[in-house]
């Protein structure tokens, strides 16, 4: 779309808005339920919220309307009102399994005790296995991680093919510090069922971490012995050997894989091409897969275009307005109080197995949907600054991942806190599922602890493992109360520091529908 073209309205959303208006005019509860369901499906939640609030005032004993209101508020990340709406719905329909499920979920997302609520939902719908995983997550948040692992492993003894439970056990064991035996439930399962290809693939995926690729190769060889040389196993080996720097061994594997339909294989192949000095080929592959893989391709295109001297990198990432550095202490809760609140939420012993941080911990769940006063004030201050940042961005550009047409409302697709100790860092990475990403500095080591030479600074546009000679686009000095905003497709990482605590909040802004 050119900068002068008018956006084309989403016809489904337009139809939903019309349904909402007609339902509101009719003052018919069933019509409003149908219109609200359409709004949830088409992204018209903001248009539906007011009319549904009116409807529940007119029909206060209609549990389904209260449920609908809770779902709308949840989608708009208004978790306080969502919890209240679901509580009202549950009072009116205490035997309704879907309402019980919704109440448990929004309570958990709001940071409220939810284990008993999930137990109630399971009592009403014992066949919904997803509820058991959510109950496990609620127990972990209530300090029962060891009991959760024990309970999950008992269940796996009865049903060793339940892959999602294996993933949960492995993640919990890792976060409690069991780096050697964290995947032991997978090991027992593949020994008991060596012909189960899905178990082998999930086991290998659990080992896809920068320090575990050698272990992954060992499991891949065993899987090949059990299943034969499947294309998925060849692809997994290609990925592992690329990440280990065994590029000569990876080359024939990629040749045999052929298809790049799997995103992880496609990304690994791009990394392989860049590491073997073929950015022109990598750029061609990335460009041909933009429709298939969307924003996953832009980070690699940026590196390739910069390596090739292609001016398109300026179009993609070169505008200084894309990176915003804002000192916002005045809009935040007291940083000492916020630090204490965040520390209480760091319940693991080590970093998650699948994240970019090294030498620290990360909170679970969605941070910015929680209802603690410090978190609510934090969110308000962040939204205010994000809106200011978005307002100064250039006009839309066709095909650009940041300069899109619609730029509101400001909602989050993920939010968390990271606590790094001395020597901690973030490896260079990207968040292509988001629109705008961030770093907010809450507590930092003093200068004598941090070290020299930009220790602990944020580096933007640098991917040292792939392109060690490519300079960053910008580096930012961390300061308490400083928020840095940048495109989610931009490479970013943190340089190590020597000692002390580095406590941050990070989030991805959701790409508006």
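The values are calculated or read from the model by the stated rules, or taken from the named source; none is laboratory data. Everything quoted here is computed from the prediction, not taken from an experiment. Glycine also receives a Cβ, built like all others from the backbone with ideal geometry; neighbour counts cover every protein chain displayed.
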Scanning segment 51-101 for residues that are out of contact with any helix residue (DSSP H, G or I) (no Cβ under 7 Å at 6 or more places or on another chain) and not in a helix (DSSP H, G or I), the one nearest to residue 371 (Cα to Cα) turns out to be 78
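Of all residues in segment 271-316, which are on the phi > 0 side of the Ramachandran plot and either in contact (Cβ under 8 Å) with a residue 24 or more places away in the chain or part of a helix (DSSP H, G or I) (or both)?
Once the filter is applied, which keeps residues that are on the phi > 0 side of the Ramachandran plot and either in contact (Cβ under 8 Å) with a residue 24 or more places away in the chain or part of a helix (DSSP H, G or I) (or both), segment 271-316 yields only 294.
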Being within 32 Å of the chain's Cα centre (by Cα), at pLDDT below 95 and under 19 Å from residue 106 (Cα atoms) narrows it down to one residue among 6, 41, 77; which is it? 41
Taking segment 67-86, which residues are crowded, with 17+ Cβ neighbours inside 10 Å and over 24 Å from residue 408 (Cβ atoms)? 67, 83, 86
So, in segment 449-464, how many residues would count as being assigned to a loop (DSSP other than H, G, I, E, B) and either touching a strand residue (DSSP E or B) at 6+ places or on another chain (Cβ under 8 Å) or closer than 26 Å to residue 275 by Cα (or both)? 7
Can you tell me which condition residue 140 does not meet? The list is (1) within 20 Å of residue 111 (Cα to Cα); (2) surrounded by fewer than 20 Cβ atoms within 10 Å (Cβ to Cβ); (3) in contact with a helix residue (DSSP H, G or I) (Cβ under 9 Å, 6 or more places away or on another chain), and all the others hold. (2)
State whether one or more residues within segment 246-256 are crowded, with 17+ Cβ neighbours inside 10 Å, touching a helix residue (DSSP H, G or I) at 6+ places or on another chain (Cβ under 8 Å) and in contact (Cβ under 8 Å) with a residue 24 or more places away in the chain. no
Would a scan of segment 214-231 turn up a residue that is part of a loop (DSSP other than H, G, I, E, B), in contact with a helix residue (DSSP H, G or I) (Cβ under 9 Å, 6 or more places away or on another chain), without any contact (Cβ under 8 Å) to a residue 24 or more places away in the chain and surrounded by fewer than 14 Cβ atoms within 10 Å (Cβ to Cβ)? yes
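In segment 170-183, which residue that is assigned to a helix (DSSP H, G or I) and more than 11 Å from residue 206 (Cα to Cα) is modelled with the lowest pLDDT? I'd like the intermediate steps shown before the answer.
Residues of segment 170-183 assigned to a helix (DSSP H, G or I): 170-175.
Now drop any that are not more than 11 Å from residue 206 (Cα to Cα), which leaves 172-173, 175.
Numbers: 172: 86, 173: 87, 175: 79.
If we take residues in segment 170-183 being assigned to a helix (DSSP H, G or I) and more than 11 Å from residue 206 (Cα to Cα), then 175 is modelled with the lowest pLDDT.
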Test residue 492 against the criterion of being touching a helix residue (DSSP H, G or I) at 6+ places or on another chain (Cβ under 9 Å) and closer than 18 Å to residue 297 by Cβ, and give yes or no. no
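Somewhere in segment 30-39, is a residue in contact (Cβ under 8 Å) with a residue 60 or more places away in the chain and part of a helix (DSSP H, G or I)?
Looking through segment 30-39, none of the residues is in contact (Cβ under 8 Å) with a residue 60 or more places away in the chain and part of a helix (DSSP H, G or I).
How about segment 428-446: which of its residues are in a strand (DSSP E or B) and under 14 Å from residue 485 (Cα atoms)?
Initially, segment 428-446 is screened for residues in a strand (DSSP E or B), giving 428-429, 436-443.
The answer is 436, 437, 438, 439, 440, 441.
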Is it the case that some residue within segment 471-493 is at pLDDT 95 or above, surrounded by 22 or more Cβ atoms within 10 Å (Cβ to Cβ) and at positive phi? no
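Looking only at residues in segment 369-378 that are part of a helix (DSSP H, G or I) and surrounded by fewer than 20 Cβ atoms within 10 Å (Cβ to Cβ), which one is nearest to the chain's Cα centre (by Cα)? So that I can check it myself, show each step before the final result.
The initial filter retains those residues of segment 369-378 that are part of a helix (DSSP H, G or I), namely 369, 373-378.
Those left that are additionally surrounded by fewer than 20 Cβ atoms within 10 Å (Cβ to Cβ): 373-374, 376-377.
Details: 373: 24, 374: 22, 376: 20, 377: 22 Å.
My answer is 376.
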Which condition from (1) modelled with pLDDT of 95 or more; (2) surrounded by fewer than 17 Cβ atoms within 10 Å (Cβ to Cβ) is the one that residue 390 breaks? (2)
